[in-house]
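Note sheet for the following structure.
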Amino acid sequence: MDELATIELSESGILSFENHSSSHDVQVQSTSGAWQCYTLNPWITAKNRDGVLEISVKDNLQPKERRGSVVVKSGKSQKQLTIIQAKATPKVETSPEELNVDQFGGLFSIDVITNNDDWKAQSQEDWIEVTALPSAYKMEVKVQPTRSREPRVGKILISMGADETVAHEVSVVQSGISYFLLPYMNFESATRQDIQAFEEKRGGTIEFTHERFFDFTTTSVAFPRVSYTIYEGGAYLYAQLDASSTRILTGPSERQQLVEFLNQSGFTVELGENHFRHAEMSNLEVEIKPYFKNTPHLLFTYTPKQSKEYPTFDELPLGFTDFHLGVEGVKAYEAAHGGEMIYPYSDDEIESVDEMEFECEPGKYGADGRLYFLHKDKDGNITIERTRQFFTQTERACWNYKGYNNLLTEEFKALAKREGFEFVEYNILEQVYVFISKERNLTMAVQWFKFFGDPKPVLVVQVNPGTRLVSHSLSVESNQQKSRKNR
């Protein structure tokens with residue numbers, strides 16, 4: 001080989017490349033014929049391809065121009081080409097690309113993925129504060145709470161270089177304050193811990209806790225309080241949202257907005273003017289109750305699907321309903337139905353008491369006991385205010401769900417409907433199911449109940465004249481309970 005070979009290249013000096021990967025061919029002539037090529041730069045590849053020098057460069061991902069070289073050698077002779085590749089186009093991405101924030105705002109971290117350390121971040125919104133941390137490839141974002149019902153949107157601008165060219169934008173979307181809201185909607189498998197975590201996450205605070213009730217204050221303007229009814233065995237059946245005013249439920253504009261909110265939340269099946277069922281969860285209903293005991297509210301009711309059939313009564317166990325016949329009518333009814341008066345202890349005492357209780361032979365006359373509430377007017381006239389019957393066969397009307405026994409069977413509800421009694425409501429305070437017959441001018445209330453000290457629960461059926469429920473509260477101190485404990 002001629003050590004003094006002459007090398008001629010079709011290019012000389014500097015070869016410039018764009019920042020992306022590419023190749024360039026250089027013609028090589030050597031008097032010795034043979035030649036080699038090499039580079040010490042890992043981003044450059046040099047090859048002798050059939051007598052042609054092929055120079056390739058990889059993508060430049062760096063924000064700076066880079067330089068390297070390729071050497072062509074033939075014997076002891078060599079020539080060098082300088083390779084310059086342009087800097088990468090500044091790129092920036094973020095994770096997340098959009099920041100969604102609730103009404104309370106807070107402090108958030110956004111990762112910045114970029115090929116340039118020279119970047120800044122800022123927002124022109126006074127409710128968004130940004131701190132750029134280029135060395136950590138992230139930025140801290142502080143969002144202020146909002147007082148508006150309407151959502152608001154702001155932007156974070158990420159700029160590059162000395163001219164601060166905007167290279168990327170991050171949207172910040174903050175929801176408006178909670179106006180309408182829903183309770184915890186997983187009725188099937190909820191626990192008290194689930195409900196508490198749900199409420200605390202959306203800003204709620206425990207107000208009151210009880211073995212049956214679980215109350216929270218909320219951040220909602222319209223419904224500042226929510227009360228959950230969840231029993232010891234895990235039966236989550238009711239949620240009550242107390243309205244801040246009756247107008248929330250009755251004002252033309254407010255009510256329309258509320259109904260639209262309920263519809264959008266899935267309650268699209270209209271059962272009545274103020275009564276809706278969920279389209280997908282068919283056993284979940286909501287009632288708008290503007291005038292319930294001075295506490296306007298929404299009542300969400302979950303009715304578990306009955307697991308089996310429960311035989312019910314042949315006919316509704318209404319008992320004595322001729323209220324106009326008074327005490328003498330009661331005596332005649334009980335004489336015909338096997339009742340034995342156990343309170344008061346004689347007819348002479350009736351004028352001095354407010355209850356009459358009768359006991360029947362178990363299983364023979366339907367009810368196992370009957371109670372009559374007396375009312376005396378200012379002239380001393382006694383009328384029958386309401387009646388109660390007690391049945392030890394509770395499954396004729398009620399069934400058990402997760403340890404909760406006071407669920408009406410479908411069979412009993414169907415019987416009531418056949419006999420003209422329309423279901424009106426479940427009175428959550430007194431835990432009774434209320435039915436009304438306008439044709440017969442009667443109100444019936446049904447309840448599973450266990451008296452303190454009594455080993456057996458009973459089914460309680462109360463009937464009163466009129467189409468409004470007369471107080472049904474069962475007191476453990478009542479004469480009736482004392483009598484039952486002495487049986």
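Per-structure values
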{"item": "Residue count for region 322-343, restricted to those that are in a loop (DSSP other than H, G, I, E, B) and crowded, with 17+ Cβ neighbours inside 10 Å", "result": "1"}
{"item": "Residue within region 256-268 that is touching a strand residue (DSSP E or B) at 6+ places or on another chain (Cβ under 8 Å), in a strand (DSSP E or B) and β-branched (Val, Ile, Thr) present", "result": "no"}
{"item": "Residue check for residue 385: in contact with a helix residue (DSSP H, G or I) (Cβ under 6 Å, 6 or more places away or on another chain), acidic (Asp, Glu) and either assigned to a strand (DSSP E or B) or touching a residue at least 40 places away in the same chain (Cβ under 8 Å) (or both)", "result": "no"}
{"item": "Tally of residues being in a loop (DSSP other than H, G, I, E, B) and either surrounded by fewer than 16 Cβ atoms within 10 Å (Cβ to Cβ) or of a type in the set (Phe, Trp, Tyr) (or both) across region 344-356", "result": "4"}
{"item": "Members of region 100-148 that are among the basic types (Lys, Arg), under 24 Å from residue 60 (Cα atoms) and surrounded by fewer than 18 Cβ atoms within 10 Å (Cβ to Cβ)", "result": "120"}
{"item": "Any hit, region 121-136, residues being charged (D, E, K, R) and at pLDDT below 95", "result": "no"}
{"item": "Some residue of region 370-385 being among the aliphatic types (A, V, I, L, M), buried (at least 16 other Cβ atoms within 10 Å of the Cβ) and under 22 Å from residue 451 (Cα atoms)", "result": "yes"}
{"item": "Scope region 226-259; condition of a type outside the set (A, V, I, L, M), more than 15 Å from residue 290 (Cα to Cα) and either in contact with a Gly (Cβ under 7 Å, 6 or more places away or on another chain) or buried (at least 18 other Cβ atoms within 10 Å of the Cβ) (or both); matching residues", "result": "227, 228, 229, 231, 232, 233, 236, 238"}
{"item": "Test: residue in region 175-186 that is closer than 14 Å to residue 300 by Cβ, surrounded by fewer than 16 Cβ atoms within 10 Å (Cβ to Cβ) and not assigned by the TED database to the domain that holds residue 401", "result": "yes"}
{"item": "Total residues in region 64-79, condition part of a strand (DSSP E or B) and either surrounded by 15 or more Cβ atoms within 10 Å (Cβ to Cβ) or modelled with pLDDT under 95 (or both)", "result": "10"}
{"item": "Pair list, Cβ under 9 Å, 6 or more apart: region 212-229 residue closer than 22 Å to residue 177 by Cα, other residue among the charged types (D, E, K, R) and in a loop (DSSP other than H, G, I, E, B)", "result": "218/202; 219/202; 221/149"}
{"item": "In region 225-250, the residues that are aromatic (Phe, Trp, Tyr) and in a loop (DSSP other than H, G, I, E, B)", "result": "231"}
{"item": "Flag if residue 169 is without any contact (Cβ under 8 Å) to a residue 60 or more places away in the chain and either exposed (fewer than 15 other Cβ atoms within 10 Å of the Cβ) or in contact with a Phe, Trp or Tyr (Cβ under 7 Å, 6 or more places away or on another chain) (or both)", "result": "yes"}
{"item": "Test: residue in region 45-53 that is under 60 Å from the mean Cα position of the chain (by Cα), within 22 Å of residue 116 (Cβ to Cβ) and either at pLDDT 95 or above or not β-branched (Val, Ile, Thr) (or both)", "result": "no"}
{"item": "Extreme residue, farthest from residue 343 (Cα to Cα), among residues of region 372-403 that are among the hydrophobic types (A, V, I, L, M, F, W, C) and touching a Ser or Thr at 6+ places or on another chain (Cβ under 7 Å)", "result": "399"}
{"item": "Residue match in region 230-243 (condition: free of Cβ contacts under 8 Å to residues at least 24 places away in the same chain and of a type in the set (Val, Ile, Thr))", "result": "no"}
{"item": "Test: residue in region 53-60 that is touching a residue at least 24 places away in the same chain (Cβ under 8 Å), surrounded by fewer than 13 Cβ atoms within 10 Å (Cβ to Cβ) and not in a strand (DSSP E or B)", "result": "no"}
{"item": "Filter result (closer than 25 Å to residue 145 by Cα and surrounded by 12 or more Cβ atoms within 10 Å (Cβ to Cβ)) within region 84-97", "result": "94"}
{"item": "Qualifying position, being closer than 29 Å to residue 237 by Cβ and outside the structural domain of residue 60 (by the TED database), among 200, 125, 169", "result": "200"}
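Table: residues versus (1) surrounded by fewer than 17 Cβ atoms within 10 Å (Cβ to Cβ); (2) modelled with pLDDT under 95; (3) under 30 Å from residue 118 (Cα atoms); (4) β-branched (Val, Ile, Thr).
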residue: 1; (1), (2), (3), (4): yes, yes, no, no
residue: 8; (1), (2), (3), (4): yes, yes, no, no
residue: 21; (1), (2), (3), (4): yes, no, yes, no
residue: 25; (1), (2), (3), (4): yes, no, no, no
residue: 62; (1), (2), (3), (4): yes, yes, yes, no
residue: 82; (1), (2), (3), (4): yes, no, yes, yes
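Okay, residues lined up against (1) in contact (Cβ under 8 Å) with a residue 40 or more places away in the chain; (2) within 25 Å of residue 196 (Cα to Cα); (3) not assigned by the TED database to the domain that holds residue 217:
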site	(1), (2), (3)
271	no, no, no
313	yes, no, yes
330	yes, no, yes
339	no, no, yes
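The values are calculated or read from the model by the stated rules, or taken from the named source; none is laboratory data. All values derive from a computational prediction rather than experimental measurement. Neighbour counts run over all protein chains shown; Cβ positions are idealised from the backbone, glycine included.
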